[in-house]
Each structure stands twice: as structure tokens, then as C-alpha cells.
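Colleague: A single structure is presented below for examination.
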There are 2 protein chains.
Amino acid sequence: MSSKALDYENLNENVKKCQYAVRGELYLRASELQKEGKKIIFTNVGNPHALGQRPLTFPRQVIALCQAPFLLDDPNVGLIFPADAIARAKQFLGMTSGGLGAYSDSRGIPGVRKEVAEFIERRDGYPSDPELIFLTDGASKGVMQILNSIIRGPSDGILVPVPQYPLYSASIQLLGGSLVPYYLEETANWGLDINDLRQSVAQARYKGITVRAMVIINPGNPTGQCLSVANLKQIIQFCHQENLVLLGDEVYQQNIYQDERPFISARKVLLDMGLPLSKEVQLVSFHTVSKGYWGECGQRGGYFEMTNIPPKAVEEIYKVASISLSPNVPGQIFMGLMVNPPKPGDISYDQYVRESNGILESLRRRAHMMTDGFNSCRNVVCNFTEGAMYSFPQIRLPPRAIETANKLGKAPDVFYCLRLLEATGISTVPGSGFGQKEGVFHLRTTILPAEEDMPAIMESFKKFNDEFMEKYEDHKGYSRM
Amino acid sequence: MSSKALDYENLNENVKKCQYAVRGELYLRASELQKEGKKIIFTNVGNPHALGQRPLTFPRQVIALCQAPFLLDDPNVGLIFPADAIARAKQFLGMTSGGLGAYSDSRGIPGVRKEVAEFIERRDGYPSDPELIFLTDGASKGVMQILNSIIRGPSDGILVPVPQYPLYSASIQLLGGSLVPYYLEETANWGLDINDLRQSVAQARYKGITVRAMVIINPGNPTGQCLSVANLKQIIQFCHQENLVLLGDEVYQQNIYQDERPFISARKVLLDMGLPLSKEVQLVSFHTVSKGYWGECGQRGGYFEMTNIPPKAVEEIYKVASISLSPNVPGQIFMGLMVNPPKPGDISYDQYVRESNGILESLRRRAHMMTDGFNSCRNVVCNFTEGAMYSFPQIRLPPRAIETANKLGKAPDVFYCLRLLEATGISTVPGSGFGQKEGVFHLRTTILPAEEDMPAIMESFKKFNDEFMEKYEDHKGYSRM
């Protein structure tokens, strides 16, 4: 019998080649260990509810009522739902034709897209057009759809920061395009050097690649930095000069843990720059209900907003969206709720603010606990997590650890992370999954374990790390400086 | 300024070329007319709740409780939720780690996949392995993922029935493969002729195409036929001989409107055939919560089950699924509920059965009303809708109507459907969107308008059609036989 179409050797090569380390070897090993009864702390993926974060009450009340509209006629409904949740559920149901069980327009419910546009206008100070906002099943699906529109073949290149969130490398590989890396500078707090960017583009062109788009992740994943206005301006000017679409991954815009560099959207900076750039630079911005302090990952709600994309191209993007009929409608409602939460004076306002601040303030404390914890470890250095939900410490592996890893056929950071997992149950992602400079090693953890568990986790990490270093260090003094 | 990456002329050609008529020209025109205030009857897409079908109560109660788990501790919860819904919600929440707000495993929640496997075993009489079942955001996403694994380039061909559901043509185009059509025979009640299939494969091979997979849609969309066991056996044998993966789109398996040909899954027929076929033919079967009598389209829940796909290929499919993190979790819960609904003796059982039967029996009556209605019209012939939720009448257009359409630069069936839309508000899809034989014209409607509205809709259709025919017919006798 000859081999079959769905045998491994006959699969689409792009499927086989793509890698997604966030759920890669470490995650699979952690899942195995969990099955065997070991307690695992999953810090591999930004999944707050899985680590004990409670959902915000108000949005869950509204969605429960939208799912069970017959409750709205129940005389007892007021006993367990507040009046503003009831009113909001009625408002959302009025925006749909057929409730949550009906496909919506493939771009999403018009009323929700209007709420998103109003949120963007409040945030940036410039009006936003709901017709240029598409709701999606989470931000990842939106990113994939836009990349699919852009990438025509292997000679189309997309500029991606290194380290990067591997959604980008995996999607570009899957779509058969070329990833063009630009490096973030760890010693400059993961800032971006425009000269390095220019060099990356020049190198790619030399290889025959047409660079067509540039990805920024702000706040950064896995690196946690917030881009400055000056940096964003440089990036936008660069995209204008080089004729690149700017893809702004801004899913962590609510997750800011310092006050010096608040989040500023790429769109606001672009529109502030005025003509001709404000009318010429093409920008697609992504957002989601999975991150922020909501952390509603499992609901898969998101949107993208297009700036300076001509109507004929928007139509094509709409057409492709329509093949999957519509994003999930409950996720759309979550998006509407997130951009238009309870207001001062609403019954649920105080509770909403209390819950939100509780989460955000705790995340801020955890960002400090984690960074400080890493920096107290032997051969570990870590920039402060300014935003997003990750720490990305550099692990300075002694040569003997690297040799041992090589002998075992493992990348050195994979070897370190596997040992960490076996010793402590902490499931991280090796830095090589995000890309790093040659000979430099990192790991990524989320800052999401419960605050009360954090001291024990960091202690357990330190104990493992310092013993690991002790074991593999050359005691003649290497890397103890 | 040179043209930009997201300008129309620079987009990925596969994006530009793909077509999805279900939400194409007719739908866009209908949406415009609706905005202008015209009453539109949307029969273009199988979207039951949008046409007034009410959601089943029990699943909505369970999902509402899962979304608002704090209600489970509310002393008043028993006043508005039955005890079995409360128990089921607790059971589902126990299957997740972190509730509905946490990403699940990328294949879906293990407990739900187990429920799906048990459903398949009850249905087919053969055990099913949960590890080979992946939950998806609706069936369409599953189909796209499997096609993406199979299609390596333009010389990979996928056999697709004509007429077909345009998800297939659109996805194959988007993924850069080749659609290899095989015709369903209208005069044989949309049956499949194995000789025609052989010829299609031979022709494709002659053009240098490697045919790798075959799609069947059973019950048929848009054609409504149920495949016989004899036909399914022939298909499976053919796939074995020709080394094709069989893709079984069985999303309408609950929607059966006659008793002579019940739904039988491709998997059951395959396993009934015994060795060697039962171990050699590769099969992927698709199902969803959008269809059946649930019609929960907006929730985007579905699954695919793989048979005879080797573990290394399953791993690759898992890896690609993991890039999008996880299917939406509420949709997964719906899938679990659909395959494991209330049982005799449960508090909610009677209501569940009453609601389910009410919908299914009404659909059966509507299938008759619609087919009979079409067959009473001048120059219209229509096979009975045995299953699924569509009628696909043939419209015998007079030559003068065809000439008029040609002059206006419209396909003749598009011309007819546009006139129908303007005259009556009935929004259908022209048969050319599904594929049809040269010179033969159809349209597709759903059978979903509310039963009480159906007589008026069919009367309005008949009035339009018969006047249209009167106007365009050659009164010397053409096509009145």
C-alpha cells in the first residue's frame, strides 16, 4: 500500500516546518508529568484564569443573561442579577438578529463594532470608523487573516521583532512567507534601534525578499517593554519610507506596571504626526478580551482596526472572513463589554472598579516580585516587566551546562527549562522559542501565578537555579562576575 | 507614492480569487435593501435563530451557569435553574482548569472529547478514541485546517461534489490547491455516479494533478440528498483504490426529513466493511452545533474525528491547532451538551424532547411545503429535501431571460435571483455559487423561514416566478411542456 495523503511524509511542508514553542516540547512534557500526578505550575502561556484569577462579575452576568434570554422574563431574575446587567443584556440582544445562536455579519455585530470605534476615539482622540473594525475569534485569528492577505509567497517578507511571540513565526511559516528578524536590544531595556531595522531590511532585500510589513508588539511579548512615543514615531517614519504595512499587536494595552511610559497606540502616534503620513501609512491594530485584566482567553474575542487600507482591499478581507461565517457571538459581546464597561453611577460600577483594580494592582506587585526574584539568582539578569504579562530573564549558562545539553541533543535553554520543570514543576518556555541572539539564553514565564504563591515559586526557582549553576559552573571563576 | 502592501493590486492572489457566494453579491444587495427599509427574508444561509427559531432551554441554562459560576453559590439559584442544569454546569466546570475564561488544551477539553467519543460509539457501534477527536470553532474551521494539512500546492487536487457548499471551493482556492469537480446527478435525486467520479480523477491526472482527498457532504448541501449505504460503500472502495483521504461533512446528520434513508456515518460504513479497508482508508468526519435542530450557529462549536491517521500526522495537526491556542470554550461546552443531552428520568428531559421534536417535525413539514411550492411553479422542478436544510430548485430560464442577463453582464441565475430579491425580499443564493452543469440554472434557499410564514413566502415566490416566466417566455411554446 503506498503512503497516504495524511501520512506524515505527505503533509504540507509548511505545516511540518512551523513551530509554536508556547505549546511545544516543554508544555507536552509538563502535561505528561501532570498526568503522572506531579503538581505543575503552568507559566508557559498567558492564561490568567487557569492560574486562579476570577472572572469579573459584571461581564459574566451580562453574558449569562444573553445566553439565557428566557430569564429576562422570569419574575425572580432580579434576585440574582443587578438591573444594569439586565439592561445591558437586553441592549446586546437588541443588536443581534436572533441572539447568540445566530451567525452575525462576518465582520461582527454592527452595534458592537460601533462600541469599539467609540472606545478607540476616547482612547486616541480621533474618530474611528466601525466599518474598518472587524471582530475576530481572539487576536491571533485576526493576525493570521491579515498576514494571509499580505503574503503571496516565499519572497514576501515580514519584519518581526526578536525575541517575538511565536504566533508570528508560525503563521508566516504556515502561509509560506519569509520572516525578516529585527533585534530588540536587551541592554537598552528591549528598545528598538532604527539602524538595526534598516540593516535587517537591507539584508533581506539583498536576498531577494520584498519586505511588506512590520510587526510591533507593544507592550512587548515576551520582553515586557513599553515603546516610547519617540520610538513609535521612528517606526512609523520607517514604515512610510520603506512602504511597509505596520501591524500593531497591542493586546496588552491595559497591562502596564509603571507610570513613566503609559501605553500609547500606534494609531494615535500616526494621526498625531499629521499629513502626509497620517493618510499614507497603512496600519492594522489588534486587540483582544484574552489579556488586559479580564483575561477571558477561553471566550476568544478580539478585533482588528484598519487605518489607510483602501475600500477594495477591505472588501477582500471581508470576503475571506465570510468563508468562516462569523466570529463566535459570545466573544463579540465580551469585546463590547470590555470597551464599554459600567460607568460611574451604574449599580455595578463600584464592584467592577474594585475587581479590576484588584487584579491590575496585584499584577503590578507580581511584576516586581518576579523581576526581583530573578535578579537575586546566580547568573540570571532580568529587565523589569513594564507591561504585558511575562518575564524574560537571561540565563547565563556555564559552558559545562551547554556541553551537557549538546551531548543530550537539546538546545541549552531547553535543557535548563526541562531540568527546572522536573525539579520544581514550573513549566516555562525556553527563549529559543521566541528567538534570541546566538549564544544568549533566556526563558519566558508569565507573571500570573497567584500572588500568595509567588514567594514560594520564586524561592523554588532560586533553589533550583543556584544549585544548577553550582553544579555546572567552572569553579575557577567563570561567569560569577 | 508607490502602491502599498495592503492595496488591492498587491494582495495575495488566492485571497482575491476565492469566492463565497453564500455571502456574495446577493447577500450584499439584500443587506443594502434592508438598510433602505425593505423587509428581507434571509434564506441565503442556514441560520435558524436569525429566522426566529428559539434556542433549546436546557443547554442555554447550563451555559449561563458555566458563564456565571458565582450563581452556583447563590441561595436563589434553584428558583430559576433546574437541578439537572446546575449539576451539569458543575460537571463541565470540573472538566476545565479555570472555567470558560481559560484557554483549554488546543484540541479541546479532554472531558468533552470523551463525551463526543461516547456519542460516536453509541451512534456507530464501534469505539472511538478521544485523542483522535479535536474540537473546533465550528465545522468550517476544522475543514480548513485539514485541507491546509493536505494541500501542498496547485498540483494537489481535492474531489468536491458539484453542486457543492462553497466553503470547499473557497478554502481550496485560498490554500492554493486545485478543486477537482465530480457531478451529482439531479435526475437521480442528486445521487453520485461512481463512473463519473472515475472520469473526474482520470481527467485531473491527465492535467498533472495528484488527487489526494475526496469530499462528501451527507446529507447534501445544497442538494439535500441522503447517501445510501450502497453509495457510501462505493465511495469508500473508490477512496481505497485511489488512495484518497475521505472528508465526510456530516454536519446535517440530525436533519433528516424522510424515513427510507436514515443518516449513516461514513465511519460506520467503513468499519462495517472490515479489513483491510477498515484499517487503511483515511477518514476525517466533521460535525457542529450550528446545524441539527439546535441551530446554535453563533456559538461556533464543532469537532472533527480522525480515522486511520497515523500519530505523527495527528501531532502535526495538533501543533497547528495550538497556534490559535484553543477553540472557544463555551462552544466546546455546547458540543458536549449536544452529544450528551438530558436522559429519560432527568428533570429537563421532557422539555428537551418536546422542544427538539417540535423543531424537527416542523422542519420536516417545511421541507415538504417548500419542495411542493417550487414544483407548483412554472418552469421550476425540485427534488425533495431529504435532509439538511436547503431546497435547490432548478429554474428553467427562457432564452430571452438569458439574453437579457447577458446584456446586463450578469450570470442568468444571478439575474433571476436579483429580480426575485427586488420583487419579494427573498434573499437566495444563485446556483452558480455552488456549481452547476453548463446551461442549467438553480437557486438555493433554506427551509428555515417560520412555518406560519411559509405559505405566504411560497405564494410570493410563485407570483414572481410565474410573472417572470410569462414576461420572458417565447409564446410560441418554448419550455411549457
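Colleague: Counting only GluC sites (Glu not before Pro) that sit in a DSSP loop (anything but H, G, I, E, B) with at most 14 other Cβ atoms within 10 Å, what is the longest stretch of chain A containing none of them?
Modeller: Numbers: sites that count: A:36, A:260, A:438.
Looking at chain A, A:37-259 is the longest stretch - no exposed GluC sites (Glu not before Pro) with at most 14 other Cβ atoms within 10 Å.
Colleague: Counting only other chains, what is the mean number of Cβ atoms within 10 angstrom of the Cβ of each residue in peptide A:23-33?
Modeller: Details: counts 10, 2, 0, 0, 3, 4, 0, 0, 1, 0, 0.
Mean partner shielding for this stretch: 2.
Colleague: What net charge do the residues around residue B:154 carry, taking every other residue with its C-beta under 15 Å from that of residue B:154, with Lys and Arg at +1 and Asp and Glu at -1?
Modeller: Numbers: positive: A:152, B:17, B:152, B:205, B:207, B:212; negative: A:13, B:13, B:156.
Neighbourhood net charge equals +3.
Colleague: Taking beta carbons within 10 Å but only from partner chains, what does the mean come to for residues B:73-81? Before the final figure, lay out each step's value.
Modeller: Details: counts 0, 3, 2, 5, 3, 1, 6, 10, 4.
Taking all residues of B:73-81 together, the mean is 4.
Colleague: Sticking with this structure for a sec: Of all the Cα-Cα pairs you can form in the range A:311-446, what percent are over 28 Å apart?
Modeller: For the range A:311-446, the fraction of Cα-Cα distances above 28 Å is 48 percent.
Colleague: At what distance in nm do the modelled label points of residue B:35 and residue B:462 sit from each other, each positioned 7 Å from its Cα along Cα→Cβ?
Modeller: Simple spin-label model gives 3.6 nm for this pair.
Colleague: Just the Kirkwood number for the range A:271-384, please: inverse of mean 1/r across all distinct Cα pairs, in Å, one decimal.
Modeller: Numbers: mean 1/r = 0.0553 Å⁻¹.
Hydrodynamic radius (Kirkwood, Cα only) of the range A:271-384 equals 18.1 Å.
Colleague: So what's the net charge close to residue A:134: Lys and Arg +1, Asp and Glu -1, counting the other residues with Cβ under 9 Å from its Cβ? Walk me through the numbers before you get to the answer.
Modeller: Working: positive: A:107, A:113; negative: A:305.
Value of the local net charge: +1.
Colleague: In addition: In debye, nearest 20, what is the charge dipole magnitude of the range A:94-339 about its Cα centre with +1 on Lys and Arg Cβ and -1 on Asp and Glu Cβ, if you could check? Walk me through the numbers on the way to the answer.
Modeller: Values: 20 positive and 24 negative charges, 93 e Å.
I would put it at about 440 debye.
Colleague: Quick one: work out Rg over Rh on the C-alpha atoms of chain A, Rh as Kirkwood radius.
Modeller: Details: Rg = 23.3 Å, Rh = 23.9 Å.
Over the Cα atoms of chain A, Rg/Rh equals 0.98.
Colleague: Also, I was wondering about something else. If the reach is capped at under 17 angstrom between alpha carbons, list the aspartates and glutamates near residue B:463, excluding any in the same chain fewer than eight residues apart.
Modeller: Counting by Cα, and skipping residues close in sequence, residue B:463 has these aspartates and glutamates nearby: B:372, B:422, B:453, B:473.
Colleague: Could you sort A:463, B:319, A:207 by their accessible area in this structure, using a 1.4 Å probe and putting the largest first? Don't skip to the answer; put the middle values down first.
Modeller: Working: A:463 130, B:319 35, A:207 155 Å².
The ordering from most to least exposed comes out as A:207, A:463, B:319.
Colleague: Aspartates and glutamates near residue A:471 by alpha-carbon distance under 15 Å, same-chain residues fewer than 8 away left out - which ones?
Modeller: A:403
Colleague: For peptide B:10-22, what's the mean number of Cβ atoms from other chains within 10 Å of each residue's Cβ?
Modeller: On the way: counts 9, 10, 13, 2, 5, 11, 6, 0, 4, 2, 8, 1, 3.
That works out to 6 on average.
Colleague: Still on this structure: Provide the FRET efficiency to the nearest 0.05 for the residue A:440-residue B:74 pair, computing r from the beta carbons and using R0 = 35 Å.
Modeller: Numbers: r = 53 Å, r/R0 = 1.51.
The calculated FRET efficiency here is 0.10.
Colleague: Here's a follow-up. Which pairs in the list A:141/B:233; B:90/B:312; A:279/A:343; B:35/B:462; A:268/A:312; B:16/B:291 are over 31 Å apart, alpha-carbon to alpha-carbon? Kindly include the intermediate steps, with their values, before the conclusion.
Modeller: Values: A:141/B:233 38 Å; B:90/B:312 35 Å; A:279/A:343 34 Å; B:35/B:462 26 Å; A:268/A:312 24 Å; B:16/B:291 29 Å.
Violating the 31 Å Cα-Cα cut-off are A:141/B:233; B:90/B:312; A:279/A:343.
Colleague: Report the local net charge at residue A:218: Lys and Arg +1, Asp and Glu -1, summed over other residues whose C-beta lies under 9 Å from its C-beta. Please report the intermediate quantities before stating the final value.
Modeller: Working: positive: none; negative: A:249, A:250.
In short, -2.
Colleague: Over the protein assembly as shown, give the accessible area per residue in Å² for a 1.4 Å probe, as an integer. Kindly include the intermediate steps, with their values, before the conclusion.
Modeller: On the way: 34360 Å² over 962 residues.
Averaged over the residues of the protein assembly as shown, the accessible area is 36 Å².
Colleague: Among DSSP beta bridges whose residues both lie in the protein assembly as shown, state the antiparallel percentage, nearest 5.
Modeller: Expressed as a percentage, antiparallel bridges in the protein assembly as shown total about 50.
Colleague: Treating the beta-carbon of each Lys and Arg as +1 and of each Asp and Glu as -1, no other charges, what is the dipole magnitude of the range A:424-469 about its Cα centre, to the nearest 20 debye? Display every interim value, and only then the final one.
Modeller: Details: 4 positive and 7 negative charges, 51 e Å.
Using only the charged Cβ atoms, the result is roughly 240 debye.
Colleague: Could you work out the Kirkwood radius for the protein assembly as shown, taking every pair of different alpha carbons, averaging 1/r and inverting it, reported in Å?
Modeller: Numbers: mean 1/r = 0.0341 Å⁻¹.
That comes to 29.3 Å for the protein assembly as shown.
Colleague: Here is a further query. To the nearest 10 degrees, how steeply does helix A:349-375 sit against the main Cα axis of chain A, on a 0 to 90 scale?
Modeller: The angle comes out near 10 degrees.
Colleague: Then there is this: How long are the semi-axes of the equivalent ellipsoid of the range A:94-339, defined as square roots of 5 times the Cα gyration tensor eigenvalues? Whole Å, largest first.
Modeller: Working: eigenvalues 160, 83, 58 Å².
After diagonalising the Cα gyration tensor, the semi-axes are 28, 20, 17 Å.
The values are calculated or read from the model by the stated rules, or taken from the named source; none is laboratory data. Just so it is clear, the structure is predicted and the values come from calculations on it, not from any experiment. Here Cβ is always computed from backbone atoms with ideal geometry, including for glycine, and neighbour counts include all displayed protein chains. Please note that ligands, DNA and RNA were not included when accessible areas were found on the heavy atoms of the full protein model with its side chains. Shrake-Rupley method; radii C 1.70, N 1.55, O 1.52, S 1.80 Å.
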